[in-house]
Structures are given as C-alpha cells and as structure tokens.
Amino acid sequence: MIELQPPFRPATRGDAAALADLVHFASEGLALHVWTRIAGPDGDAWQIGRERARRETGSFSYRNAVVVEEPAGQVTAALIGYALPDAPQPISQDMPPMFVPLQELENLAPGTWYVNVLAAYPEHRGKGQGRALLGIADRIAASETRRGLSIIVCDANSGALRLYQRCGYTEQARRKKVKEDWVAPGTDWVLMVKSA
C-alpha cells in the first residue's frame, strides 16, 4: 500500500458498516439486492454486506479499501480497487446473468487497476473527495506498474461520468444491464479506461 496522509487511510475491519453503505451507493443498489437474496426472507442483508467487507480476501474486502475519515472519526467516502488479471477471465456457466455484462467489461481491461467502488455519503458529495481518491488510485496503479486504470459506471450516473472524464478516463465499451427483479436507473454499464 502506498503511504497515505489524513484524512485518507487504509480501511480496517471496523469500517465494515461504512464500506457496506458505500458499496450500496456505488452499485446503485445492486449490492443490497444481492445481499437480500443471500440473506433470504429471515436474514439481515446489511449483515451480509458487513461480513463481506470484513473478509481478509476477495474483491470486496476492507484490505482493498482506502477511506476518508473526518476528524471526528466518521468515514465519509471510500475507494475499493484491485489489479485485474493480465488475461481475461473465463465466464462460468453458473455466473448469475446480471453479473455477466460486468465481467465482460472487466475482461476488456486486463492488467489494469480496477476502481471497483468510488463513493461518498450523500452529505459529503461535491467536496472533492472523489477526485482525491481517484488520485490515490493513480498512485496505487503506478506503484503496482499496472498498464492503466479502469472503472465501470451506470450510463444514468451523469455526475460520475463527468468526474471520470475530467480525471482522464475515456469510454471503451458498453454492455446492457441485466436487471431481472432489480429496480435501477439506466440501461447500460459503461467501461471507462485511463492509460498509465
């Protein structure tokens, strides 16, 4: 991990609740939708999200996260990312259909550092935290000698699209969303890539 200065720091297991919230925001509700399916009618979907954030391994792990922490100790925003494999990953027959378009887009950006989550609590948006976290992503990608950075965003998220464009990302491809019973805005997932 690169060296970070306050208000930025590596996430800890204790940040699991905030990370679950921020993943929910960044995924336009898809994460909570999936956690609800996993939890079942008598389970706690948010607990599933918190447990996933506490994992030591996996893409959604606190170990892949950088958070913004206000002086009072509140996490206000987060970046979760990791290196994509150097070769595209095969899409298994049992992958849930709603995730296939996302995996197809990831496979178009092998060897990049993937910005999986970039989100802030609503009351902390518009304060430059997203741009600063993308700068940290740039530094991590450089330290890991990745061939660039990638991110996938919903076509309806115009604010995020503008931010990524201003930070040097360009659209590379789109795939139609597979929503099933998930209610969400937009029709496409958009892959954006930034050269190293």
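Between T12 and A132, full extension at 0.36 nm per residue minus the direct alpha carbon distance yields a gain of 41.2 nm. Can you compute the FRET efficiency between L108 and T187 using 1/(1 + (r/R0)^6), with r the Cβ-Cβ distance and R0 = 25 Å? Round to the nearest 0.05. The formula returns an efficiency of 0.85 here.
Indicate the gyration tensor shape class of segment 1-141 (rounded, prolate or oblate), computed on the Cα atoms with a ≥ b ≥ c the square roots of the eigenvalues: a/c under 1.5 is rounded; otherwise a/b larger than b/c is prolate and the rest oblate. Display every interim value, and only then the final one.
Working: a/c = 1.89, a/b = 1.18, b/c = 1.60.
Since a/c reaches 1.5 but b/c is at least a/b, the shape of segment 1-141 is classed as oblate.
Sequence-distant contacts, meaning Cα pairs under 8 Å at least 6 residues apart, place the relative contact order of the chain at 20 percent.
Helix-only mean residue ellipticity at 222 nm, the chain, DSSP H runs n ≥ 4 weighted -39,500 (n - 2.57), per residue, nearest 500. What is it? It comes out at -9500 deg cm²/dmol, rounded to the nearest 500. By definition, a body whose alpha carbon gyration tensor gives a ≥ b ≥ c is oblate when a/c is 1.5 or more and a/b is not larger than b/c, and segment 91-196 fits this oblate description. For K179, a cut-off of 13 angstrom between C-alpha atoms picks up these aspartates and glutamates, skipping any fewer than 8 places away in its own chain: E28, D188.
Compute, for segment 8-165, the length of the dipole vector about the Cα centre, with Cβ point charges of +1 (Lys, Arg) and -1 (Asp, Glu) only. Units Debye, rounded to 20.
Dipole magnitude for segment 8-165 comes out near 400 debye.
Bridging of K194 to lysines at a Cα separation below 23 Å is possible for K127, K176, K177, once same-chain residues fewer than 8 apart are set aside.
If the segment from K179 to S195 were pulled out straight at 0.36 nm per residue, it would be longer than the present Cα-Cα gap by 2.7 nm.
How many angstrom lie between the C-alpha centres of segment 1-67 and segment 130-190? For segment 1-67 versus segment 130-190, the Cα centre distance is 18 Å. Computed over segment 114-196, relative contact order equals 34 percent, with contacts defined as Cα pairs under 8 Å that lie 6+ residues apart.
Counting other C-beta atoms within 10 Å, which of L105, L191 has the fewest, and how do the rest follow?
L105, L191
With each label modelled as a point 7 angstrom along the Cα→C-beta vector, the E123-D44 pair spans 2.3 nm.
FYI, it's all coordinate maths here, none of it is from the lab. Note that the coordinates shown come from a computational prediction; the quantities given were computed from them, not determined experimentally. No Cβ is skipped: glycine too gets one built from the backbone with ideal geometry, and neighbour counts run over all protein chains shown.
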